[in-house]
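Notes to accompany the following structure.
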Amino acid sequence: MEPGTGGWLRTWLTTAGALRVPEITVLFWVIKGLSTAMGEATSDFMVHNMAPALAVVLGFIAFLIALLIQFRQGRYVAWAYWFAVVMVGTFGTMAADVLHVGLGVPYTVSTLIYAVALVAVFVAWGRTERTLSIHSIDTPRREAFYWAAVVATFAMGTALGDLTAYTAHLGYFTSTFLFAGVILIPAFGFRFLRWDGVFSFWFAYVVTRPLGASVADGLGKPKIVSGLGLGDGWVVLIFGVLIVVLVAYLAVTRIDVQDGPARPVRPPVP
């Protein structure tokens, strides 16, 4: 390693720039819900229409490409950000399914494993950056923590959704109503009980995953297992078109680009 390389890398990781994630609007939650549903359906479509191992490899490659594109932007760009979210959703679903289908880990255990992983990410992020706010994602290091948390929420949410639908035998649509009710809790707490905004955001963010996955499975899975039988391919197509239209609107209007400087970044420790 050349002298100074470590210092350069540390400086790059911690140098503040433009904010790299969108403002939280109604459309954010709509597209987030659609992306979780599409990720679930895309994963299921791939593993049932090609060799599962190949599907996981392709999903992982697409996941890495999407994150590379997102990091290269150095700022929030609607199409790059939401492409990354969809790919994280697809790979996160595969990661959760690998534990259960491939390794035989019960959904209860896999949910706990990913919950612990999510807590570990939050603890490391909080201790390093002293904030978990998305209004402070203005350095590569903070963005790396952000996407690590997003991956963990997708994986945990997938396992949790399957836990209620299969292990608890609630079915897809009962699970949908259950999580739709749960997601109102942080909204109510933030609006009327003065709950912390960061806590409320991540609470809701986690719940959008099993909610979206339950909707996708309910629409796509056969009627014999309590679905409507539309097929995963149609769910991917319908939700994909909706996402493209909404993201194009955001790209043109830029109504979700965060204004103002981010919080100051602490200087690197020598």
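The values are calculated or read from the model by the stated rules, or taken from the named source; none is laboratory data. What you see is a predicted model, and the numbers here were worked out from it, not measured in a lab. Backbone-built Cβ (ideal geometry, glycine too); neighbour counts: all protein chains shown. Heads up: the accessible areas ignore ligands, DNA and RNA and are worked out on the full protein's heavy atoms, side chains in. Shrake-Rupley method; radii C 1.70, N 1.55, O 1.52, S 1.80 Å.
Give the Rg/Rh ratio for the stretch 118-230, taking Rg as the radius of gyration of the Cα atoms and Rh as the Kirkwood radius, to two decimals. For the stretch 118-230, the value is 1.06.
Keeping all protein chains in place, calculate the accessible area per residue for the chain (probe 1.4 angstrom), answer in Å². Intermediate results must be reported in sequence, preceding the final value.
Working: 13330 Å² over 270 residues.
Each residue of the chain exposes 49 Å² on average to a 1.4 Å probe.
Working note: Debye formula, equal point scatterers on the alpha-carbon atoms of the stretch 86-160, no solvent; log10 I(q)/I(0) at q = 0.19, 0.23, 0.28 Å⁻¹ is -0.75, -0.95, -1.18.
With both labels modelled 7 Å from their Cα along Cα-to-Cβ, the V244 to A168 distance reads 3.6 nm. Shape class for the stretch 4-153, computed from the alpha carbon gyration tensor (a ≥ b ≥ c): prolate, with a/c not under 1.5 and a/b above b/c. Of all stretches in the chain that contain no trypsin sites (Lys or Arg not before Pro) in a DSSP loop with at most 14 other Cβ atoms within 10 Å, the longest one is 1-74. Is the shape of the stretch 23-88 rounded, prolate or oblate, going by the alpha carbon gyration tensor and its root eigenvalues a ≥ b ≥ c, with a/c under 1.5 for rounded and a/b larger than b/c for prolate? Taking the square roots of the gyration eigenvalues as a ≥ b ≥ c, the stretch 23-88 is oblate.
Think of the stretch 1-160 as a dipole: +1 on every Lys or Arg Cβ, -1 on every Asp or Glu Cβ, centred on the Cα centre; then among L132, N49, S35, L132 lies furthest on the positive end.
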